[in-house]
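Student: Structure in structure tokens, see below.
The values are calculated or read from the model by the stated rules, or taken from the named source; none is laboratory data. Every value quoted in this text rests on a predicted model; they were computed, and no experiment measured them. Here the Cβ positions follow ideal geometry from the backbone for every residue, glycine too, while neighbour counts run over all protein chains shown.
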Amino acid sequence: MEQINKVKSISIWIFIVPFVAVNICLILITQFQGLFPNQEDIIHNTIPYFDGGASISRTVRPFPSWLIFKPSMFLTSFLLIKYWLYNKNIISSFEKNHKYINKIVFFGIASAIALAVHSIFLGIKFDNDLYKLFRRIIMFLFIIFEIVAQAYLVATLYSFKNKILKYINQKFLIIKICLVSILIIVAVLSIPIISMPNNNFLGLNVKFFKHGLEWNYFIGVITFYLLTFLMWKKSN
């Protein structure tokens, strides 16, 4: 099926583009300080995946990091829209009127739009509480829409897995289901902590926890697309 080949090829880029962009920004701001005109933007001695020393936005927001990050996110948003539309076509070819198909497309495309909007406003300095709240809401909506779309997709594929067995490596579908389940559980369990002020709670530095969670959650979300690439077999 042509749509399977399209999903397979596009999914690997949805993983590679944001992964490379974010980590290049991290390397630039921690190792190449001379590129940054404002020395207050520089970050020292941190591997945020482990120590939570900086947030993703803090890493990608300053000039020239955003010159890499913003175009990469716009490209990722475009690829995400194509990805969810291709998946709609695949599902329709097996279950034309599946009950989740419209939900998958809605939440998938909504997540892509939220990512694009977040990227547009990233780095724009406007000292207003409503503006800051707006940015947080957009990022929150991206995460929610993305996880919901992923959950509906794996549930849908699993519901007619017997029809697609010759097209997929089934173990990667199971891994995708486990990954989405973990992302949902982590999100639910983390809500009470990330809603706290940035201070210590029972010996836990909430600020560093939030940052570390953000980086690792980001990896979890995009790993879904790497698993998509591995799950589908190349179709003739």
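Student: Picking from 72, 93, which residue would you name as being in contact (Cβ under 8 Å) with a residue 40 or more places away in the chain, farther than 21 Å from residue 21 by Cα and part of a helix (DSSP H, G or I)?
Tutor: On the way: 72 fails: farther than 21 Å from residue 21 by Cα.
Only one candidate passes the filter, namely 93.
Student: Condition first: in a helix (DSSP H, G or I), touching a helix residue (DSSP H, G or I) at 6+ places or on another chain (Cβ under 8 Å) and of a type outside the set (Lys, Arg). Now tell me which residues in region 96-105 satisfy that. Break it down stepwise before answering.
Tutor: As a first pass, look at region 96-105 and keep what is in a helix (DSSP H, G or I): 101-105.
Next cut, touching a helix residue (DSSP H, G or I) at 6+ places or on another chain (Cβ under 8 Å) only: 101, 103-105.
Matches in region 96-105: 101, 104, 105.
Student: Moving on to the next point. Out of 157, 133, I need the residue that is part of a helix (DSSP H, G or I) and more than 20 Å from residue 88 (Cα to Cα). Which one?
Tutor: 133
Student: Something else now. Surrounded by fewer than 19 Cβ atoms within 10 Å (Cβ to Cβ), touching a Lys or Arg at 6+ places or on another chain (Cβ under 8 Å) and either under 23 Å from residue 103 (Cα atoms) or modelled with pLDDT under 95 (or both): which single residue out of 128, 169 fits that description?
Tutor: On the way: 128 fails: touching a Lys or Arg at 6+ places or on another chain (Cβ under 8 Å).
Exactly one residue qualifies, and that residue is 169.
Student: Let me ask something else about it. Among (1) surrounded by fewer than 14 Cβ atoms within 10 Å (Cβ to Cβ); (2) at pLDDT below 95; (3) over 16 Å from the mean Cα position of the chain (by Cα), where does residue 140 come up short?
Tutor: (3)
Student: Right, here's the next one. Does any residue in region 11-32 that is under 15 Å from residue 77 (Cβ atoms) come within less than 7 Å, Cβ to Cβ, of a residue that is in a helix (DSSP H, G or I) and among the small types (Gly, Ala, Ser) six or more places away or on a different chain, and which pairs are these?
Tutor: Cβ pairs passing all conditions: 17/72; 18/72; 21/72.
Student: Exactly one of these conditions fails for residue 167: (1) aromatic (Phe, Trp, Tyr); (2) under 16 Å from the mean Cα position of the chain (by Cα); (3) closer than 23 Å to residue 5 by Cα. Give me its number.
Tutor: It is condition (2) that residue 167 fails.
Student: So, of the residues in region 177-216 that are in contact with a Leu (Cβ under 8 Å, 6 or more places away or on another chain) and at pLDDT below 95, which turns out to be farthest from residue 16 (Cα to Cα)? If you could, list the steps in order and put the result at the bottom.
Tutor: From region 177-216, those in contact with a Leu (Cβ under 8 Å, 6 or more places away or on another chain) are 179, 186, 190, 193-194; that's our starting set.
Okay, now just the ones that are also at pLDDT below 95, so 186, 190, 193-194.
Working: 186: 23, 190: 27, 193: 30, 194: 28 Å.
Going through the qualifying residues, I end up with 193.
Student: Just to be sure before I move on: is residue 106 out of contact with any strand residue (DSSP E or B) (no Cβ under 7 Å at 6 or more places or on another chain), surrounded by fewer than 16 Cβ atoms within 10 Å (Cβ to Cβ) and either under 18 Å from residue 146 (Cβ atoms) or charged (D, E, K, R) (or both) in the structure I sent? Let's see the steps before the verdict.
Tutor: Details: out of contact with any strand residue (DSSP E or B) (no Cβ under 7 Å at 6 or more places or on another chain): yes; surrounded by fewer than 16 Cβ atoms within 10 Å (Cβ to Cβ): yes; either under 18 Å from residue 146 (Cβ atoms) or charged (D, E, K, R) (or both): yes.
Yes: the conditions hold for residue 106.
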